[in-house]
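Inspection log for the structure reproduced underneath, given as structure tokens.
Read-outs throughout are calculated quantities, based only on the coordinates presented, and are distinct from any laboratory measurement. None of these values were measured; they are calculated from a predicted model. Here the Cβ is made from the backbone with ideal geometry for all residues, glycine too, and neighbour counts use every protein chain on show.
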Amino acid sequence: MARIRVLVVDDHRIFAESLAAALAAEPDVDVSAAGSGPAALRALERAAAEGRGYDVLLVDAELGALATGGAHAVPAPRPEGTGVVDGISLVAGVSSGRPAVRSVVLAEKDDPRAAARALQAGASGWVAKDCSLQRLLAVIRGVLRDETHLPPALLTGVLRELTAARKHRTESERLVESLTPREREVLRCMVAGLGRKAVAERLFLSPHTVRTHMQNVLGKLGVHSTLAAVALARRAGVGPAEPQLSGDVVERGGQLAQ
């Protein structure tokens, strides 16, 4: 019998252990539990190195909230092995680095926006934490057949969110396309968090010229701050400039470092 290897990732210890025990009672399921995003990443690495990788991750939608001030806090992703990795970031990282692993998000409440973000990050399903074991097992087996599982009550809201996100991305892409090639280079440096002097050194321009380019970028994108420009650029799929100079200056507190 082919066995399904499942990793439960939840920082609520009692819930994680209870769910793992329930799944372990199934004859075709091997299950482990991790209490944080970094722990889950380490477990994935160990399993892959041993040639017995996981098939499905069950990820808490609010992973990391206990460590960042409550259920409504939004934890920031940190480097692997330290700090907090939130659930959506974990899903995105696994989807990118280990595409054969399917991720299912476990949530305490229906949230169309969060569910849409999870799907965009690469999740294959969104399931209520209080669903029956039979329902959860059906989802686990379904995502391994490349199915996507959402509660029917969430479907309309999720589709609306995905449509809005696609429209927003299209508008952002149009604005970025209005930039000149040099302004796009400057924007990529801004996405990388470089200050004006660092951009000037990177592109062999004077700080005054860089200032002018940055002002032009903000004007063409229709925003009033560097952070807003960076957010719009990321929506449009603009990546950061590649690291190059050890003396790069980053922005702090939303202001460009001088």
Taking the simple approach of a point 7 Å from Cα along Cα-to-Cβ for both Glu17 and Glu147, what is their distance in nm? 3.3
If R0 = 45 Å, then Gln215 and Arg5, at their Cβ-Cβ distance, give a FRET efficiency to the nearest 0.05 of 0.25
How long is the gain from Arg182 to Asp28 if the chain were fully straight, where each residue apart is worth 0.36 nm and the alpha carbon distance is subtracted? 49.8 nm
What does the extension gain come out to for Ala138 and Asp110, with contour length at 0.36 nm per residue minus their alpha carbon separation? 8.2 nm
Residues with beta-carbon under 12 Å from that of Ala115, excluding Ala115: net charge, scoring Lys, Arg +1 and Asp, Glu -1? +1
Convert each backbone phi in region 22-39 into a coupling constant with the Karplus relation 6.51 cos²θ - 1.76 cosθ + 1.60 (shift: θ = phi - 60°), then list the ³J(HN,Hα) values in order as whole Hz, x for Gly and Pro. 5, 5, 5, 6, 6, x, 10, 10, 9, 9, 10, 10, 10, x, 6, x, x, 5
More than 17 Å apart: what percent of Cα pairs in region 1-43 qualify? 30
Counting other Cβ atoms within 10 Å, keep those with at most 15, restrict to DSSP loop, and tell me which trypsin sites (Lys or Arg not before Pro) in region 107-137 are left. Lys109
For Lys129, other-chain or 5+-apart residues with amide H closer than 5 Å (H placed, Pro excluded) are Ala107, Glu108
